[in-house]
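Undergrad: My questions all concern the structure below.
Just so you know, all these numbers are worked out from the coordinates, no wet-lab data involved. Just so we're clear, the structure is a prediction, and the values are computed from it rather than from any experiment. As a convention, Cβ positions derive from the backbone with ideal geometry for all residues, glycine included, and neighbour counts pool all protein chains shown.
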Amino acid sequence: MTFADFVATLKLAEPPAALGPALRALWCEAKGDWNAAHEIAQELESPTGARIHAYLHRKQGDLSNARHWYGEAKVEPARGSLEAEWEAIVKASLL
């Protein structure tokens, strides 16, 4: 699946069944369901899950919690737009 393919799925009412948990979390967040995205991210015990968790808390405005999760992901805290961060995480998750 390409990034464009993933973005096209956002027109659907439900995430495609083939999406793994990381992409499903990002899909839910893009559809405006922060709580579902957060629940999924909490279950992901991986650097990708921590990065998604950080992004979600950054979007929420909880920068202290976001910094913690960036540390867990072992990445520098994002400084660009939320949209650019979301896109970067989706693209990394598609690899």
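Undergrad: Out of E72, E39, E45, I need the residue that is in contact with a Cys (Cβ under 9 Å, 6 or more places away or on another chain) and either surrounded by fewer than 19 Cβ atoms within 10 Å (Cβ to Cβ) or within 22 Å of G20 (Cβ to Cβ) (or both). Which one?
TA: Values: E72 fails: in contact with a Cys (Cβ under 9 Å, 6 or more places away or on another chain); E45 fails: in contact with a Cys (Cβ under 9 Å, 6 or more places away or on another chain).
Among E72, E39, E45, only E39 is in contact with a Cys (Cβ under 9 Å, 6 or more places away or on another chain) and either surrounded by fewer than 19 Cβ atoms within 10 Å (Cβ to Cβ) or within 22 Å of G20 (Cβ to Cβ) (or both).
Undergrad: Quick one: count up the residues across the stretch 1-16 that are assigned to a loop (DSSP other than H, G, I, E, B) and charged (D, E, K, R).
TA: Here is the first cut: in the stretch 1-16, the residues assigned to a loop (DSSP other than H, G, I, E, B) are 1-2, 12-16.
After this cut, where a residue has to be charged (D, E, K, R) as well, the list is 14.
Of the residues in that region, 1 qualify.
Undergrad: Scan the stretch 75-92 residue by residue and report those that are touching a residue at least 60 places away in the same chain (Cβ under 8 Å) and surrounded by 14 or more Cβ atoms within 10 Å (Cβ to Cβ). Don't jump to the end; show me each part of the working.
TA: Step one: list which residues in the stretch 75-92 are touching a residue at least 60 places away in the same chain (Cβ under 8 Å), which gives 86-87, 89-91.
W86, E87, I89, V90, listed by residue number.
Undergrad: Test L95 against the stated conditions and say whether it is more than 17 Å from G32 (Cα to Cα), loosely packed, with under 15 Cβ neighbours inside 10 Å and hydrophobic (A, V, I, L, M, F, W, C). Please lay out each step first, then the result.
TA: On the way: more than 17 Å from G32 (Cα to Cα): yes; loosely packed, with under 15 Cβ neighbours inside 10 Å: yes; hydrophobic (A, V, I, L, M, F, W, C): yes.
So L95 passes the test.
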